[in-house]
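Only one structure is covered here, and it is reproduced in the block below.
What follows draws every value from the coordinates through simple rules; no lab data is involved. Bear in mind the structure is a predicted one, so any value in this text is a computation, not a measurement. Please note: Cβ atoms are built from the backbone with ideal geometry, for glycine as well, and neighbour counts cover all protein chains shown.
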């Protein structure tokens, strides 16, 4: 007597395992369920969690069905001459989709080739003309990978579980020349494993360099920055929302805004009551609910560039704050930042006096009012400039330089604040 699995079952299993090994380049999530042993024939089901789309995009599904059979196989030859009885003990276990289309089949099987004598006169499945194989155990595992059909990717993606029907049918048989009586009993159970291979969903990313930066702005000066986000998955949609912006800040187009990539332009003109550090924060969320944040701060100061005809000690009120200067006959004032500084026109022979004043009690609580020395600039006939300085400084260095604006030469006054 011998117990064996059919060669084609073993060969099929080897092919499937090789395919599965090649698929391990993608992350895989597996779930299992079982059906306990019961006499065949039976109809039952397993419940398997669906693939969570928040993890990424489902690429393939591997189904592994492990079938287990126990039972007995008996035969009695009634023939008048010796014969060989072939007893095939097997159950067919089938895993299907909810619509009952077949996913994979496993056939636990044992085959016996038994030589029997002529009928010995007693039907007892024993003696010389009968045989009994008791306490049989047969196992078989088979696998299938989907797609095809491609519809399985949607069927197995979502929230909750999917219920998959399973059937076990006993189809044992006895064959051989002459007259044979056979008797089979069988029970079956199974284990089902479903493995999802997927391309991981990664969070969107903010592509703007402003994220994490500290920027500068000045009261009354228009401030503008662009915030952009994108996702490496071209099928994802990214939505930018504002978590927090200072009063008066606006977004164009209005938030929330969606796309991939998606960009918004932030405009803001700081008011005099917004001197100090102002925080901006944005959230980017993709189709799968993964998110990223972008935050940056804007340091606002009251920095004003003053132009006057002479030097002296005039006071001037700007945006409600009174500044002491080292100038007289102030003619123009400009709110400025270290990045946004106007270039002014000067005629050859013209002389101008410039000073920068700042008020920032948030950043410099012990020295809120700061100023530069007076820079006196003369425009020479060859459009070069001659500069000289007078007076005192408190925290600010001011200088002069020429810049080209098209074909026109202008004078610009860059500055530096100590500690910034």
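Each of residue 339 and residue 202 was given a label point 7 Å from its Cα along the Cα-to-Cβ line. The distance between the two points is 2.7 nm. Taking square-rooted eigenvalues a ≥ b ≥ c of the alpha carbon gyration tensor, is the stretch 279-325 rounded, prolate or oblate, where a/c under 1.5 means rounded and, failing that, a/b exceeding b/c means prolate? Prolate. Each label was represented as a point 7 Å from its Cα along the Cα-to-Cβ direction; for residue 281 and residue 135 these points are 7.0 nm apart. When only alpha carbons are used to place a centre, the stretch 151-172 and the stretch 66-103 end up 24 Å from one another. Shape class of the stretch 228-272 from the Cα gyration tensor (axes a ≥ b ≥ c, square roots of the eigenvalues): prolate, since a/c reaches 1.5 or more and a/b is larger than b/c. Helical runs (DSSP H, four residues minimum) scored at -39500 (n - 2.57) apiece and divided by the length of the chain put the mean residue ellipticity at 222 nm at -1500 deg cm²/dmol.
Would you please give the FRET efficiency between residue 380 and residue 258, computed as 1/(1 + (r/R0)^6) with r the Cβ-Cβ distance and R0 = 51 Å, to the nearest 0.05?
Details: r = 56 Å, r/R0 = 1.11.
Given R0 = 51 Å and the Cβ-Cβ separation, E is 0.35.
Cβ-Cβ distance of residue 397 and residue 247, R₀ of 30 Å, FRET efficiency by 1/(1 + (r/R0)^6): the value works out to about 0.40.
What does the extension gain come out to for residue 52 and residue 173, with contour length at 0.36 nm per residue minus their alpha carbon separation? Before the final figure, lay out each step's value.
Values: separation 121, 0.36 × 121 = 43.56 nm, distance 4.44 nm.
Additional length available on full extension: 39.1 nm.
Take the convex hull of the alpha carbons in the stretch 171-267; its mean projected area over all directions comes to 13.2 nm².
How would the stretch 211-330 be classified by its alpha-carbon gyration tensor: rounded, prolate or oblate, with rounded meaning a/c under 1.5 and the a/b versus b/c comparison settling the rest? Don't jump to the answer; show the numbers that get you there.
Values: a/c = 3.95, a/b = 3.62, b/c = 1.09.
Prolate, since a/c reaches 1.5 and a/b exceeds b/c.
In plain terms, the chain from residue 123 to residue 324 could stretch by 59.9 nm, reckoned as 0.36 nm per residue minus the Cα-Cα distance.
Annotation for the stretch 181-256 versus the stretch 301-317: alpha-carbon center distance of 50 Å. In a GNM of the chain with a 10 Å cut-off on Cα contacts, which of 137, 181, 111 has the highest mean-square fluctuation? Fluctuation is largest for 181.
Once the gyration tensor of the Cα atoms in the chain is diagonalised, the equivalent ellipsoid follows with semi-axes of 93, 18, 15 Å, ordered largest first. In a fully extended conformation the segment linking residue 226 and residue 185 would gain 7.2 nm over its present Cα-Cα distance, using 0.36 nm per residue.
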